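S.K.: Here it is, the structure in full.
The values are calculated or read from the model by the stated rules, or taken from the named source; none is laboratory data. Quantities reported herein were computed from a predicted structural model and do not represent experimental measurements. Backbone-built Cβ (ideal geometry, glycine too); neighbour counts: all protein chains shown.
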Amino acid sequence: MMQRFNVFFTIFFSLLLISCSDHKIDSDVISNGSTMSAEAREAEKNLDKASYADIADIFLDTNEISFDKNILIIFGKNNCQYCDMLKDMIKKDENLKQTIKDNFNPYYINISYSKIHSINFNDKQSKVDTGSIASLFAVDFTPSIVFLGRDGNVRYLFPGFTPKFKDLVLEVIRKDGPMGEYESLNNKIHNL
């Protein structure tokens, strides 16, 4: 028994000495983490895009939200049956897609992912995470539909799905101004 212990101890000690030698570490074999970190950060910035890939030709990248036009934001999440129904509705209606593109900077924000969004508004740039934007608009239901003017003021909020989405879009376009009382929310938006 003692002999086995001595053999085991000798092998263990030899391996320990070999692993602690001063040989140079091959940087091609072991990553220093910087390349992976950059790739991981880039992948994280674009992770949400897969959730609306089938209508990505309409929606702009949420990395940078610009107010050079009126804004349409649809808040969705993964495994949301009504979000998928809304996306299908948009995808199948070429006139609706063109109307959205012509009248809005449209964004689809998937609240299942955390992301930093750069908001360019009134010559000011703010960085806001997905959760904060969703909280700002009190997103409790998905989809939630938000229409904003170029001035950053809320034109209309619709929590949930509507089969009359196209009519809603057209009504917001026709109505030149807010379709509700949003003064408190507008103040929060302007203080971002």
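S.K.: Out of curiosity, is Val128 under 21 Å from the mean Cα position of the chain (by Cα), in a loop (DSSP other than H, G, I, E, B) and of a type in the set (A, V, I, L, M, F, W, C)? Walk me through how you get there before you give the answer.
M.R.: Details: under 21 Å from the mean Cα position of the chain (by Cα): yes; in a loop (DSSP other than H, G, I, E, B): no; of a type in the set (A, V, I, L, M, F, W, C): yes.
No; evaluated as a whole, the condition is false for this residue.
S.K.: Surrounded by 12 or more Cβ atoms within 10 Å (Cβ to Cβ) and in contact with a Phe, Trp or Tyr (Cβ under 8 Å, 6 or more places away or on another chain), is that true of Gly160?
M.R.: On the way: surrounded by 12 or more Cβ atoms within 10 Å (Cβ to Cβ): yes; in contact with a Phe, Trp or Tyr (Cβ under 8 Å, 6 or more places away or on another chain): yes.
Yes, satisfied.
S.K.: Somewhere in the range 44-56, is a residue closer than 21 Å to Asn153 by Cα, at pLDDT 70 or above and either touching a Ser or Thr at 6+ places or on another chain (Cβ under 8 Å) or not small (Gly, Ala, Ser) (or both)? Outline the logic, then answer.
M.R.: Initially, the range 44-56 is screened for residues closer than 21 Å to Asn153 by Cα, giving none.
Within the range 44-56 (the criterion being closer than 21 Å to Asn153 by Cα, at pLDDT 70 or above and either touching a Ser or Thr at 6+ places or on another chain (Cβ under 8 Å) or not small (Gly, Ala, Ser) (or both)), the answer is no, since none of the residues qualifies.
S.K.: I'd like the full set of residues that are assigned to a loop (DSSP other than H, G, I, E, B) and over 20 Å from the mean Cα position of the chain (by Cα), limited to the range 141-177. Working first, answer last.
M.R.: First, pick out the residues of the range 141-177 that are assigned to a loop (DSSP other than H, G, I, E, B): 141-143, 149-153, 160-164, 175-177.
Answer for the range 141-177, where residues must be assigned to a loop (DSSP other than H, G, I, E, B) and over 20 Å from the mean Cα position of the chain (by Cα): Gly149, Arg150, Asp151, Asn153, Thr162, Pro163, Lys164, Lys175, Asp176, Gly177.
S.K.: Go through the range 90-133 and give me each residue that's among the charged types (D, E, K, R) and surrounded by 13 or more Cβ atoms within 10 Å (Cβ to Cβ). Break it down into steps so the answer makes sense when it comes.
M.R.: We begin by selecting, within the range 90-133, every residue among the charged types (D, E, K, R); these are 91-94, 97, 101-102, 115, 123-124, 127, 129.
Once the filter is applied, which keeps residues that are among the charged types (D, E, K, R) and surrounded by 13 or more Cβ atoms within 10 Å (Cβ to Cβ), the range 90-133 yields Lys91, Asp93, Lys97, Lys101, Lys115.
S.K.: Pairs under 7 Å by beta carbon, first residue of a type in the set (Lys, Arg) in the range 44-67, partner modelled with pLDDT of 65 or more and surrounded by fewer than 16 Cβ atoms within 10 Å (Cβ to Cβ), six or more apart or different chains?
M.R.: Every condition considered, the pairs that remain are Lys45/Asn63; Lys49/Ala56.
S.K.: If you don't mind, there's one more thing I want to ask. Looking at the range 105-128 only, could you name the residues that are within 22 Å of Tyr182 (Cα to Cα), modelled with pLDDT under 90 and of a type outside the set (A, V, I, L, M, F, W, C)?
M.R.: Hits for the range 105-128 are Asn120, Asn122, Lys124, Ser126.
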